[in-house]
Amino acid sequence: PSLTGTASTGTGITNANFIANDQFTNTTNGPLDVVYTVTPYRLGCPGDPFTITITIKPEPVVANQTGSACSDAPIGILLGNDVDGPAAASYNITNINPNGLTASAGSPVVANMVTAGEIANDAWTNATNASVDVIYTVVPVSADDCEGDPFTVTVTIQPEPVVAFQTKTVCSDEALNLNLGNDVDGPPVVFYDITNINSNGLVA
């Protein structure tokens, strides 16, 4: 494992807590042993060396993720995993930066011990005229309860066109002469779906 603490050799150490704050990073797919060899002294006389063996359990390493979704559509993202182990058994969502957007579905909250599908059903409303990134910060946790470094899930939420309600009055048998509206400040409408016509008994 690679050293991230203050581990070092030394002589004449009088502090029994000298190694207490040492830390080691293990990003392999299995446990590794760190072995200290220590010689005790009393009144200048050395005793037999003894060893201290510390087993460092590995942490999951998950790459940053990106995705894209339409406004108000589920983002459909499963939280990633360590490609070569150890597997992430759960995740801690430590931060969500919506960049001004509001959730319209799912339950996007900071939470611990969630599953890989926790954010898949989240949806965000983007009624601006540009794409907006929603950024989740996630910590993977192994089955041994070892936390990996945080990774981010950046989801680009594409904007939805917002069109105002329209009204018009015409005579019977007169052409409507009405153009379907558009978003006044973008994004422009590319096409429309007419999903229902309530004619109130009239015949076209």
Item to check | For the range 83-204, with +1 on Lys and Arg beta carbons and -1 on Asp and Glu, the positive-most of G186, V170, G148 along the dipole | outcome: V170
Next on the checklist: Run the simple label-point estimate for C171 and V109 please: 7 Å along Cα→C-beta, distance reported in nm.
Outcome noted: 6.1
Checklist outcome for this item: Sorted by accessible surface (1.4 Å probe, heavy atoms of the protein chains only), largest first, L180, L101, L202, L43 come out as L43, L202, L180, L101
Next on the checklist: If the elastic network links every pair of Cα atoms under 10 Å, which of V35, V155, V61 fluctuates the most in the Gaussian network model of the chain?
Outcome noted: V35
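Give me the percent of accessible area attributable to carbon and sulfur for the chain, probe 1.4 angstrom.
Reported share for carbon and sulfur atoms: 54 percent.
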Item to check | Gyration tensor verdict on the chain (Cα atoms; rounded if a/c is under 1.5, prolate if a/b is larger than b/c, oblate otherwise) | outcome: prolate
Next on the checklist: Using 0.36 nm times the number of residues separating V34 and K57, minus their current alpha carbon distance, what extension gain do you get?
Outcome noted: 7.2 nm
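Percent relative contact order of the range 102-204, based on C-alpha pairs within less than 8 angstrom and at least six residues apart? Don't jump to the answer; show the numbers that get you there.
Details: 116 pairs, mean separation 22.0, N = 103.
Relative contact order of the range 102-204: 21 percent.
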Item to check | Residue with peak Gaussian network fluctuation, the chain [Cα springs, cutoff 10 Å], from T14, T37, T27 | outcome: T14
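Please compute the length gained on full extension between N121 and A73, using 0.36 nm multiplied by the number of residues separating them and subtracting their Cα-Cα distance. Intermediate results must be reported in sequence, preceding the final value.
Values: separation 48, 0.36 × 48 = 17.28 nm, distance 0.84 nm.
Using 0.36 nm per residue and subtracting the Cα-Cα distance, I get 16.4 nm.
Report the charge-dipole magnitude of the chain in Debye, nearest 20, computed about the Cα centre from +1 at each Lys and Arg Cβ and -1 at each Asp and Glu Cβ.
On the way: 3 positive and 20 negative charges, 89 e Å.
So the magnitude is around 420 debye.
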Next on the checklist: Compute a Gaussian network model of the chain, connecting alpha carbons closer than 10 Å, and tell me which residue from E160, E59, E174 fluctuates the most.
Outcome noted: E174
Checklist entry - Given charges of +1 on the Cβ of Lys and Arg and -1 on the Cβ of Asp and Glu, with all other atoms neutral, how large is the dipole of the range 61-181 about its Cα centre, in debye to the nearest 20? => result 420
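Accessible area per residue for the range 57-204 in Å², computed with a 1.4 Å probe and the full protein assembly in place, what is it? Walk me through the intermediate numbers first.
Numbers: 9170 Å² over 148 residues.
Averaged over the residues of the range 57-204, the accessible area is 62 Å².
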Next on the checklist: Using a 1.4 Å probe on the protein heavy atoms only, what accessible surface does C70 show? Give it in Å² to the nearest 10.
Outcome noted: 80
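The values are calculated or read from the model by the stated rules, or taken from the named source; none is laboratory data. Since the structure is predicted, the reported quantities are computational estimates derived from the model, not experimental observations. Note: ideal-geometry Cβ built from the backbone for every residue, glycine included; neighbour counts use all protein chains shown. Accessible surface areas use protein heavy atoms only, side chains included; no ligands, DNA or RNA. Shrake-Rupley method; radii C 1.70, N 1.55, O 1.52, S 1.80 Å.
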